[in-house]
Amino acid sequence: MHGKKHQGLDYTPLFRFLLSKVGKDWTDIHSQAVARLDRPDPIFWIVALNDADKKSFVRVGENSYYSGLHVDQNNCLARVDPDLKMEDMKPNCSCCTHTFNGQAFTKKFEAT
Ligand SMILES: [Zn+2]
């Protein structure tokens, strides 16, 4: 399983776009995002629509992690866990490159 490349569309640019819009009006962001997508679902892979779906971080594919996002009471896009940092992210194996918001983890894999 490890190290395999998955076929299909790469939604990295979408997730980077969403992360760059944290703090901005969700209605605008949503319409801009939908305009550049073939389908709207990937937006909601990292943007939680209700409290039950909120996560500090979301895994997309095998080794790509992104900050979990949600829409706050002011209709602004926000991070679920604004305190989550790269240093908190630990890889679960040593053979793959794990990324958080598009950047490689700084922590190395540690066998426990
Ligand atoms: Zn691996």
When every residue in region 2-36 that is at positive phi and either within 16 Å of the ligand (Cβ to nearest atom) or modelled with pLDDT under 95 (or both) is compared, the one surrounded by the most Cβ atoms within 10 Å (Cβ to Cβ) is 3
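Yes or no, residue by residue, for (1) in contact with a strand residue (DSSP E or B) (Cβ under 8 Å, 6 or more places away or on another chain); (2) not acidic (Asp, Glu):
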residue: 34; (1), (2): no, yes
residue: 38; (1), (2): no, no
residue: 57; (1), (2): yes, yes
residue: 62; (1), (2): no, no
residue: 68; (1), (2): yes, yes
residue: 74; (1), (2): no, yes
residue: 83; (1), (2): no, no
Filtering region 56-72 for residues that are among the acidic types (Asp, Glu), over 12 Å from residue 97 (Cβ atoms) and at pLDDT below 95 leaves a count of 0
Within region 44-82, residues being part of a helix (DSSP H, G or I) and buried (at least 19 other Cβ atoms within 10 Å of the Cβ) number 1
Checked region 102-112 for anything within 16 Å of the ligand (Cβ to nearest atom) and surrounded by 11 or more Cβ atoms within 10 Å (Cβ to Cβ); matches are 104, 105, 107, 109
The correct count of residues that are within 16 Å of the ligand (Cβ to nearest atom), touching a residue at least 40 places away in the same chain (Cβ under 8 Å) and within 23 Å of residue 23 (Cα to Cα) in region 65-101 is 1
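The values are calculated or read from the model by the stated rules, or taken from the named source; none is laboratory data. Bear in mind the structure is a predicted one, so any value in this text is a computation, not a measurement. Here the Cβ is made from the backbone with ideal geometry for all residues, glycine too, and neighbour counts use every protein chain on show.
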